[in-house]
1. Is the shape of the range A:82-137 best called rounded, prolate or oblate, per the rule: a/c under 1.5 gives rounded, else a/b larger than b/c gives prolate, else oblate, with a ≥ b ≥ c the square roots of the Cα gyration tensor eigenvalues?
2. On the first, second and third principal axes, largest extent first, how far apart are the outermost C-alpha atoms of the range A:158-267 in Å?
3. Sorted from largest to smallest, which semi-axis lengths in Å does the alpha carbon gyration tensor of the range A:416-469 give for its equivalent ellipsoid, taking the root of 5 times each eigenvalue?
4. Using only the alpha carbons of the range B:1-128, what is the convex hull's orientation-averaged projected area in square nanometres?
5. Roughly how compact is the range A:362-437, stated as its Cα Rg over 2.2 N^0.38 Å to two decimals?
6. Against the longest alpha carbon principal axis of chain B, how many degrees, from 0 to 90 and to the nearest 10, is the axis of helix B:126-141 turned?
7. At 10 °C and a viscosity of 1.306 mPa s, what translational diffusion coefficient does Stokes-Einstein give for the range A:193-251, taking Rh as the Kirkwood radius over Cα pairs? Give it in µm²/s as a whole number.
8. Please state the shape class of the range A:63-194: rounded when a/c is under 1.5, otherwise prolate if a/b exceeds b/c and oblate if not, all from the C-alpha gyration tensor.
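What follows draws every value from the coordinates through simple rules; no lab data is involved. What you see is a predicted model; the values in this text were computed from it and never measured. Cβ placement follows ideal geometry from the backbone for every residue including glycine, while neighbour counts extend to all protein chains displayed.
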């Protein structure tokens, strides 16, 4: 009988040969990712840091710190005038060596470093300070910086001396150092290149080499960096990996040494292997998860319902289950190190289902409340589901309305939410007045809750216009803002959540700023 | 043949026109707004309005369509809202990567089908047939986002022999051996369901052919079974299989959207996904229209190949 075609022997031989060829070919790409050795205590120069992040760059949004590509690029290429330590708001020198505030709080004189040059080779001067602050609030950028109200209150900058900048203000600015920490110094001669993504010229430890949209960002060591001997790394290569599972897989397989955008569960899982992975909790660079309320929606105009929601939410359960214990419950936006933090006030709406039920009973029949959340991150859905269960337990029925990120932002900015919503806010890690004049959910003049109050507006403005944002007078004003927030309750805080990063133990010296910017000036590889 | 080709062109142009209208309308039906996506969560309504004006989104929808399609006809695809650069260069980069991925996947699928199809059609080994059936069913049934994750887990984490995602750091053509390794997982993930469909189709077609009277006659005349299979039955099975390959090539383009996201492969699939997320209308419109164009061209080519392989098609068409 004639054979049917391909013999079993030839089939197996073919498959075997194919498999062997595949395995032989595969070894080198994985080997090229690097060794599995841990970094030692002595810094070692050289090497390229490989990073995975979930977002691509949006050049015109550079001032917003709105995604991981932007924060990585700013941290590598640019520098600010001053910089806060992660655990306080006491400014430290950066491109400004020292400063003096006028007694009336209407001006600030900054002495600038004279040994700093841009990546283009041009010397950094006071004119760059003026240009950068103006650009930060410039409407020609699609997304202006969140601190634009503070930037606009800087009425002029005296640049007579190239190494001294004198900032004049429309009124005292208690949060001026938040602005100086946030605004990064850009090169006026190449600013148009930023908008098209062709070039990014700063004074930072790394120079921008290339951006391939949807694929990668490449940076090289700045040989003219003003800090001697830094950076240690020869370069940084960032891969854009939109899928969070793929990011975790790249870390596990050693393809990258550092990743952002890893889910809380993957972070928990990876950090169990302490020999291979380090977890970095970005203390001092937190975000707050909250439930927002549209105070003009049916029933939500009654503050008793908002109070019932605040009492009904089991914050500790959300922190534990959704964020795997990373963070802590809160009733007010302020993190524990903030000058506005008040432990007693923070207990005002501690989890109390009995009180919530009592308030619901007083109100009577309630409609079903739409509850919108963003599907971009799984933590929003998980939080919304727990809140939904908590509210159902006290007699408040909500209907979940998941929407994608673009729709969510549209509804947020347009104040279009029909009931309640959940998302993160930030800026409470800075001077407290920054939150109430810059973070949109808290903005006294226009917010997603449709909340208006003369008392809240005047408390916010008074806090902002304090000459010294850390003074006793300022702290007293922050207390008034806190009282207004607790009384009006247009936003129900759930908890303070620090970002977390995961890196391989090959990498040491990883750091960050209060705005989650990547700082690898002192980082080195094994 | 030229006349046959010319007859097919008007319907292709009509499909492209209708597709352009549908694409333009559908993207605008999705909730969300490019201006608010760009402005960020702390923007004022005035800033959003300024962006809408800047992008021309404050004009009427028909006016926006006419402006867009007019530019497309002159090969001016405009600029991306979010990236800021020319869409032409964005698409060129992404398209090149997608072509590499989908062609690799298609070749892999054809190769698998060319091996598995004849074996499946002719084997009398019950266990081998069952094994092929099981693997084939799983390949079709598993969504690519599941098979992709499983492949990554198996071949990059448990047995770290392949890179888990991305493209070669030094570019696609610097070292082909490295490029091949980066290609294996996404191409395999994309190829699996297509190879399963092709294998089954080829096997069934071959079985039908092998039952034809001419096969019986040839067997009686002593023509070797292998020659019968590969020279006669396979040749007769090819025209219809080529049609199915053409259809599957279209599905590969669709499947690439997910696979590129899973494996961080910077092709047009990933570009479309990101552009939809940001409501980057010009990029979405151009990419979807390009996908339709490619599909139409593939169908046209498939018909031409079919007509070349089977003269009855072009003669029937002419009559």
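1. Prolate.
2. Principal axes ranked by extent give 55, 33, 32 Å for the Cα atoms.
3. 22, 14, 6
4. 14.7 nm²
5. Output field value: 1.26.
6. So the inclination is approximately 10 degrees.
7. 122 µm²/s
8. Rounded is the answer for the range A:63-194, as its axis ratio a/c remains below 1.5.
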